[in-house]
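Data block below; observations after.
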């Protein structure tokens, strides 16, 4: 099935939850690729520049390939482990984050609003520095049943926004776009700092399910930038 946004088209457009993450500066290009996984080989487990929280990525995360395109696959087995890329950007210059994802299996019965059912087929994190070495994080999720637009706040430092819901696009690549700068202002109501990392999580531990999802084409752009 055709990708919603092809990686070739992306290239033609332009030439961890951890406490302390080094900052990498970027030129103020209209679009910047944060990760497209093309530097890896099929079967690789992301290591250099990547970290996990609560365990090893082996057996859960791997690079897969289809039609010469490589992407990250996340398979939940029996461990809920987040994976992060330590790479930030100047958010005032590039406020909009875009990515592609595809869900193969959903955690049936999950509901992110309920603690004992808090699993998501796919989740994308944006990590910001915080006080006392505790980061602030926005998590964008593809939920099995929670309506799009729902904001879930069980922890003031870790809000979640449902950006896609349900199985209508199951097995298909779909693309998302969020103005992270505006989301941060609405969620935290404070002066923003530049993101330091982004990450992913596909989990099913709460409802004892085994979801699987793919992630690709993580970019930032100047769309939505204040004039």
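The values are calculated or read from the model by the stated rules, or taken from the named source; none is laboratory data. Quantities reported herein were computed from a predicted structural model and do not represent experimental measurements. Don't worry about glycine lacking a Cβ; one is built from the backbone with ideal geometry, like all the others, and counts go over all protein chains shown.
Against the test of being in contact with a strand residue (DSSP E or B) (Cβ under 7 Å, 6 or more places away or on another chain), at pLDDT 95 or above and either surrounded by fewer than 22 Cβ atoms within 10 Å (Cβ to Cβ) or under 19 Å from residue 77 (Cα atoms) (or both), the options 166, 199 yield a single qualifying residue, 199. Among the conditions (1) touching a strand residue (DSSP E or B) at 6+ places or on another chain (Cβ under 9 Å); (2) modelled with pLDDT of 85 or more; (3) farther than 18 Å from residue 218 by Cα, the only one that residue 58 does not satisfy is (1). Residues that are closer than 21 Å to residue 34 by Cβ and within 17 Å of the chain's Cα centre (by Cα) within the range 130-157 comprise 135, 136, 137, 138, 139, 140, 141, 142, listed in sequence order. Checked against the criterion of being under 12 Å from residue 102 (Cα atoms) and either modelled with pLDDT under 95 or surrounded by 14 or more Cβ atoms within 10 Å (Cβ to Cβ) (or both), the range 176-194 contains one or more residues that satisfy it. Of the numbered criteria (1) closer than 26 Å to residue 59 by Cβ; (2) surrounded by 14 or more Cβ atoms within 10 Å (Cβ to Cβ); (3) modelled with pLDDT of 95 or more, the one residue 205 fails is (3).
Residues in the range 103-152 that are touching a helix residue (DSSP H, G or I) at 6+ places or on another chain (Cβ under 9 Å), outside any strand (DSSP E or B) and crowded, with 20+ Cβ neighbours inside 10 Å: 107, 110.
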